[in-house]
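Just so it is clear, none of the values below were taken in a lab; they were calculated from the coordinates. All figures in this text were calculated on a predicted structure; none of them were measured in a lab. Glycine gets a Cβ as well: all are built from the backbone with ideal geometry, and neighbour counts include every protein chain shown.
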Amino acid sequence: MMIPTWSAASKILVHGHRGARAMRPENTLPAFEYAIEQGVDCLELDMAVTKDNVVVVSHDPRMNPAFATGPTAPKAIREMTLDELHLWDVGAKRNSAFPKQHTVPGTRVPTLDEVLDLSTRGRFHFNIETKIFPDRPELTPGPEEFVKLVLEVIHKHEIGHRVILQSFDFRTLHAMKKVAPQIGLSALLEPGKHDFIEVAKESGADIISPHQILVTSQNVEQAHQMGLQVVPWTVNTPKDWDKMIAAKVDAIISDDPAALLAYLKSKGLHS
């Protein structure tokens, strides 16, 4: 996964955002399986923790009525056991933001264990995000406990060399570095004023993952000079892909990884 330098002939890696939410229900096994079939380099996903301390894959801390249907009003995942969470269907209702998305009725929120089971289907990596909120501590375990639970699943599958832990909350990055320094770390950045080098120092990460509007040729070059990678999110159109290519990023996170792969291949930037 590491790309120390960029050149015109370099391969730009493709991360399937929440699997491939442009085409399949997000953060589900059908989405990840689809992304693997398309040939992604990395599966990007989000993690929450149930009441009974099972790490599951979900972007939202509670069931999102935009695409999830269940027996009650939306509840926080941390308030439900895994059995209770599995009463919700996250594949039957199309997310209106993605008109090409195929529904898969009967789809449940997967566990991290189930997603990492897919590791035998190829050599792709996993870019896994801790969805943790300093101002809402009731929604997750604390950072150290969150990391402990995640690491137990990674160790079960013996794929630490294929995992990146990413987060907007750098507490989990620091916690992971203490107990498993071999795991790659990625600092996620919202739009705003950021110095990529300072962020790397603050977070301990070797990957900077900014919103695409933060990416410039200058800050990518500076990051590369410091041995950092730059992996922007979430980039979905040829116009924006061209901007990322011109800036010489190392990888691109996209909701439509199949289209991005085809585009990069047409430019000789992916095999």
For the chain, what does -39500 (n - 2.57) per DSSP helix run (n ≥ 4), summed and divided by total residues, give at 222 nm, in deg cm²/dmol to the nearest 500? -8500 deg cm²/dmol
Around H224, with a cut-off of 10 angstrom between Cβ atoms, what is the net charge of the other residues, counting Lys and Arg +1 and Asp and Glu -1? -1
Provide the gained length on full extension for the span R94 to D113, in nm with one decimal, where the gain is 0.36 nm per separating residue minus the Cα-Cα distance. 4.3 nm
Euclidean distance of C-alpha centroids, region 63-85 and region 92-167, integer Å: 17
At 0.36 nm per residue, and after removing the present C-alpha to C-alpha distance, how many nm does the segment from S217 to K265 gain when stretched out fully? 15.1 nm
Convex hull (Cα only) mean projected area of region 111-203, reported in nm² to one decimal: 6.7
Residue among Y34, L139, L188 farthest towards the positive dipole end of the chain, charges placed on Cβ: Y34
Local electrostatic count at H194 - Lys and Arg +1, Asp and Glu -1, tallied over other residues with Cβ under 14 Å: -2
Projected onto the charge dipole of the chain (+1 at Lys/Arg Cβ, -1 at Asp/Glu Cβ, origin at the Cα centre), which of G268, A73, P232 gives the Cα projection farthest towards the positive end? G268
Pairwise FRET efficiency - T120 versus H161, Cβ, R0 = 22 Å, nearest 0.05: 0.90
Taking the Cα centre of the chain as origin, work out the dipole magnitude from +1 charges on Lys and Arg Cβ and -1 charges on Asp and Glu Cβ, in debye rounded to 20. 540
Using the alpha-carbon centroid of each, what span in Å lies between region 195-211 and region 235-271? 22
Of every Cα-Cα pair in region 204-270, the percent that sits beyond 20 Å: 24
Add +1 for every Lys or Arg and -1 for every Asp or Glu among the other residues with Cβ under 14 Å from the Cβ of E138, and state the total. +3
What residue among A22, H161, H125 has its Cα farthest toward the positive end of the dipole of the chain, where the charges are +1 on Lys, Arg and -1 on Asp, Glu, each on the Cβ? A22
Relative contact order, percent, of region 151-200 when contacts are C-alpha pairs under 8 Å separated by at least 6 residues? 35
How long is the gain from I197 to K51 if the chain were fully straight, where each residue apart is worth 0.36 nm and the alpha carbon distance is subtracted? 48.8 nm
Listed by chain and number, the lysines with an alpha carbon less than 25 angstrom from that of K178, same-chain partners under 8 positions apart left out, are K131, K148, K156, K201
Over region 27-146, what is the mean sequence separation of C-alpha contacts under 8 Å (at least six apart), divided by residue count, expressed as relative contact order in percent? 32
Could you tell me what percent of the DSSP beta bridges with both partners in the chain are antiparallel, to the nearest 5? 20
Below 8 Å between Cα atoms, with a sequence gap of 6+, how large is the relative contact order for region 136-262 in percent? 16
